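> Let me give you the structure first, and then I'll get to my questions.
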Amino acid sequence: MSNVIPGGYQPFRSGPYNGLVCPTCNAETVPSAILCVKCGTPLSSPRSKGVAVVLAVILSSTTWLYTYRRDATKFWVGFALNLIGIMLTGIDIGFAFLLGVWIWANVDTAIKGEHWFQLYPNPVPRA
């Protein structure tokens, strides 16, 4: 099928929800649904790894806002370390905090596979 959304979900545009069709039971779902209300199948809203990498390189810890549902703790820790770094830039140690968060955001984004972003916000199944 040419109009399949990553994850196997098909667009559904005629009905009261104007949303998607569950890949398991073909029930209509609203676009913002995380789970199918009929069968409980997790529904995803895929993200792009390319966008996450660009955010990490340019804006450091804001890359975790892009995947906030699964990276909220990383975002807040990175945010706190950035604030500490900004406050300590007057004594030059703050730059180490800022550089450390930037490296952490880039490495964290780089080691996640494309599959991780395709299944967002649902957890990646264990092999």
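The values are calculated or read from the model by the stated rules, or taken from the named source; none is laboratory data. Worth saying up front: this structure is predicted, and the values here are computed from it rather than measured. When we count neighbours, we look across all protein chains shown, and the Cβ atoms used for this are built from the backbone with ideal geometry, even at glycine.
> For the stretch 30-41, how many residues meet the condition of being within 17 Å of Tyr120 (Cα to Cα) and surrounded by 12 or more Cβ atoms within 10 Å (Cβ to Cβ)?
Residues in the stretch 30-41 being within 17 Å of Tyr120 (Cα to Cα) and surrounded by 12 or more Cβ atoms within 10 Å (Cβ to Cβ): 7 in total.
> Which residues, taken from the stretch 73-99, are among the small types (Gly, Ala, Ser), at pLDDT 90 or above and exposed (fewer than 15 other Cβ atoms within 10 Å of the Cβ)?
Result: Ala80, Ala96.
> While we're looking at this one, here's another question. Pick from the stretch 1-59 the residues that are at pLDDT below 55 and part of a strand (DSSP E or B): which of them is nearest to Val101 (Cα to Cα)?
It comes out as Ile5.
> Another one. Is there any pair with a first residue in the stretch 89-100 that is without any contact (Cβ under 8 Å) to a residue 12 or more places away in the chain and assigned to a helix (DSSP H, G or I) and a second that is of a type outside the set (A, V, I, L, M, F, W, C) and surrounded by 11 or more Cβ atoms within 10 Å (Cβ to Cβ) whose Cβ atoms are under 6 Å apart and which are 6 or more apart or on different chains, and what are they?
Pairs that qualify, where the first residue is without any contact (Cβ under 8 Å) to a residue 12 or more places away in the chain and assigned to a helix (DSSP H, G or I) and the partner is of a type outside the set (A, V, I, L, M, F, W, C) and surrounded by 11 or more Cβ atoms within 10 Å (Cβ to Cβ), are Gly94/Gly85.
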